[in-house]
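As structure tokens, the structure follows; a few thoughts come after it.
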Amino acid sequence: MATETAAVELALEARYLSGYPREAAHRLEALPLEEAAGAIAQQPVSVTLPVWEALASDIREALVGKLPDEVLRPLLAEMDPPLAAELLGRLDAETRGRCQKLLGEKAVQALLALAEYAEDSAGRLMDPRIAAFRPDMTVAQAVERMRGFRRARGLRELFLTDDDGALTGRVEIQDVAIASPGQRLHQLARPITSAVLDTATKEEVVEKIETHRLPAIPVVNVSGRFIGVIHQAALVAAVQEEASLDIQTMVGASKDERALSKISFAVTRRLPWLQINLATAFLAAAVVGLFEDVIAKFTALAVLLPV
């Protein structure tokens, strides 16, 4: 009976985590690290990955040291590359070395290369794990290759490249689905509507996606080589997160602060700003005191005090 109850609890927990990842992330942030790590370790990666990506940066960083290798490895391998690059950049040398052993040096170097791009550049937002296809591949070969992709659920089009890695066209998934197995991809190819350089700004990427109504936009380097893709959903999430962080900064809150953050964390991050505001308030009061007689004679000047 106890085993059945535990199984039901795990199933309900999995349903909640997969259905409400952001709310679940907020609740995990309020738990002690050991309990949060235990909750993540009990569920499969397919369930916990959206929650893991929605966690605050400092909580994710702290949880890396609490999760066992068999749980941490797939989380790092499957998470969004820009987020993984940011996480690796925040880790100390010892913990980063552990992640390097789990992922492999090549994968870690690729992620760290993303972190070298400017904060608002296309290279920082792109997913470099998108595979390129050859134009002479058959539909059957392409489908067989896609079956080996670990994250193919959001795949909506295939990008074709020549021997030099330059983009030659794109093939939509629905065209692949209805084509005969022997057809070549170049027979189904459509022209590349737009692409961006890896050094392009976020504003340029947003403008091109809105102009051409693209679900994803390819990213090329200065040599014209295809190196990644920016998905519209990832771009929208990045813009929304930036807007939220700007609002938090305007009111003196830390960028890592959440509604359920501990009081000690909020006080530590906000205290410097509160002290600055208090000092400027005293300064303003002193200035008003210097001109108290003038204000008493000309009461209309009181209107300017808020300024």
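Only one entry of LEU301, LEU283, LEU235, LEU271 meets the criterion of being open to solvent by 100 Å² or more (accessible area, probe 1.4 Å), part of a helix (DSSP H, G or I), modelled with pLDDT of 65 or more and not β-branched (Val, Ile, Thr), and that entry is LEU283.
Within the option set ALA56, ALA85, ALA25, ALA30, being within 24 Å of GLY104 (Cα to Cα) and among the small types (Gly, Ala, Ser) holds for one residue only, ALA85.
Looking at this structure, is ARG22 within 17 Å of the chain's Cα centre (by Cα), over 22 Å from ARG129 (Cα atoms) and surrounded by fewer than 19 Cβ atoms within 10 Å (Cβ to Cβ)? Spelling it out, ARG22 is indeed within 17 Å of the chain's Cα centre (by Cα), over 22 Å from ARG129 (Cα atoms) and surrounded by fewer than 19 Cβ atoms within 10 Å (Cβ to Cβ). Filtered by the rule that a residue be open to solvent by 90 Å² or more (accessible area, probe 1.4 Å) and in a helix (DSSP H, G or I), the stretch 183-203 gives HIS186, GLN187, GLU203. Checking GLU86 against (1) closer than 26 Å to PRO21 by Cα; (2) of a type outside the set (Lys, Arg); (3) outside any helix (DSSP H, G or I); (4) open to solvent by 50 Å² or more (accessible area, probe 1.4 Å), which test does it fail? GLU86 satisfies all of (1) closer than 26 Å to PRO21 by Cα; (2) of a type outside the set (Lys, Arg); (3) outside any helix (DSSP H, G or I); (4) open to solvent by 50 Å² or more (accessible area, probe 1.4 Å) except (3). Residues that are open to solvent by 70 Å² or more (accessible area, probe 1.4 Å) and touching a residue at least 24 places away in the same chain (Cβ under 8 Å) were ranked within the stretch 89-134; the one that is farthest from LEU67 (Cα to Cα) is ARG134. Only one of the numbered conditions (1) over 24 Å from the mean Cα position of the chain (by Cα); (2) assigned to a loop (DSSP other than H, G, I, E, B); (3) acidic (Asp, Glu) is violated by GLU144, and that is (2). Of all residues in the stretch 93-133, those that are in a helix (DSSP H, G or I) and in contact with a Ser or Thr (Cβ under 8 Å, 6 or more places away or on another chain) total 2. Filtering the stretch 36-76 to residues that are surrounded by fewer than 21 Cβ atoms within 10 Å (Cβ to Cβ), in a loop (DSSP other than H, G, I, E, B) and of a type in the set (A, V, I, L, M, F, W, C) leaves ALA56, LEU67. Take LEU31 and tell me if it is aliphatic (A, V, I, L, M) and surrounded by 17 or more Cβ atoms within 10 Å (Cβ to Cβ). No; evaluated as a whole, the condition is false for this residue. Quick one: count up the residues across the stretch 204-220 that are in a loop (DSSP other than H, G, I, E, B) and open to solvent by 40 Å² or more (accessible area, probe 1.4 Å). Qualifying residue count for the region: 2.
Out of all the residues in the stretch 161-179, is one or more within 24 Å of LEU114 (Cβ to Cβ) and either part of a loop (DSSP other than H, G, I, E, B) or open to solvent by 50 Å² or more (accessible area, probe 1.4 Å) (or both)? Yes, that holds for at least one residue.
The values are calculated or read from the model by the stated rules, or taken from the named source; none is laboratory data. Quantities reported herein were computed from a predicted structural model and do not represent experimental measurements. Glycine gets a Cβ as well: all are built from the backbone with ideal geometry, and neighbour counts include every protein chain shown. We work out accessible area using only protein heavy atoms, side chains counted, and drop any ligands, DNA or RNA first. Shrake-Rupley method; radii C 1.70, N 1.55, O 1.52, S 1.80 Å.
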